[in-house]
Structure formats: structure tokens, C-alpha cells
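Before any comments, here is the structure.
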Amino acid sequence: MSPRIWPPVLNWKPSTHWDYEAEANGTPGACVLCGKPSLLLSTDGVPCHKVCAEGWFEQHPQAWAAYEAQRDQPKTAARMAVPQASDPDNGLFDQAA
């Protein structure tokens, strides 16, 4: 299965991707991929920058193809696992801070 859209572009426009509670408290969670503070949330509600998630999908094209296949299914369908910090990123996040 090959991805239909490349490079990956996530649609995080819905308000569910914003952590309003963390914004109000001034305590953004650490991005699951880069570890820096993030007010953005993944589809599963985990703190994650959109650009980090897109970068992770670029490094994992098979996961992106699977995500594309399931994202248009009804909301009751099984959801993709969110990328975890322990997943190999092939050096994507080894840049100096």
C-alpha cells in the first residue's frame, strides 16, 4: 500500500487538537516525540507537535499509508496508535535544540 498524499500533512484544525486546560494552567505537556512543551494534542489526546507527528510519519511511510486508509472510516473504527518516544525515528530528532 503506498501513501496517497506525500509528504504527510495532518489536518489538526479541529479544536480537539488543542489542550485548553494546559493553556489555562500554563503547563503544556511534553511532546511525545521531541520532549519540548506542546499545547497541541494528537488524535489520541497525547501532547505532540503537528510537525513532529508529520516528521514521524515521513520516517514511517507504511504507518502513514495505514493512517490514510483508516482516517476516513467512521469514528467507531479502531484508531491508529500514536507514535511513541521509544519508536525508532532514524535520527529525525537528533538535531541540536
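All of the numbers you see were taken from the coordinates with simple rules; none came from a lab. Computed from a prediction, not measured in an experiment: that's the story for all the values here. In this analysis, Cβ positions are derived from the backbone assuming ideal geometry, glycine residues included, and neighbour counts consider all displayed protein chains.
The figures follow:
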{"item": "Selection count, region 6-25, where residues are closer than 15 Å to residue 42 by Cβ and among the hydroxyl-bearing types (Ser, Thr, Tyr)", "result": "2"}
{"item": "Selection from region 46-72 of residues that are in contact (Cβ under 8 Å) with a residue 24 or more places away in the chain and closer than 12 Å to residue 19 by Cα", "result": "46, 47, 48"}
{"item": "Any pair with Cβ under 6 angstrom, 6 or more apart, that starts in region 17-45 at a residue that is touching a residue at least 12 places away in the same chain (Cβ under 8 Å) and ends at one that is of a type in the set (Val, Ile, Thr) and surrounded by 14 or more Cβ atoms within 10 Å (Cβ to Cβ)", "result": "32/46; 42/82; 44/82"}
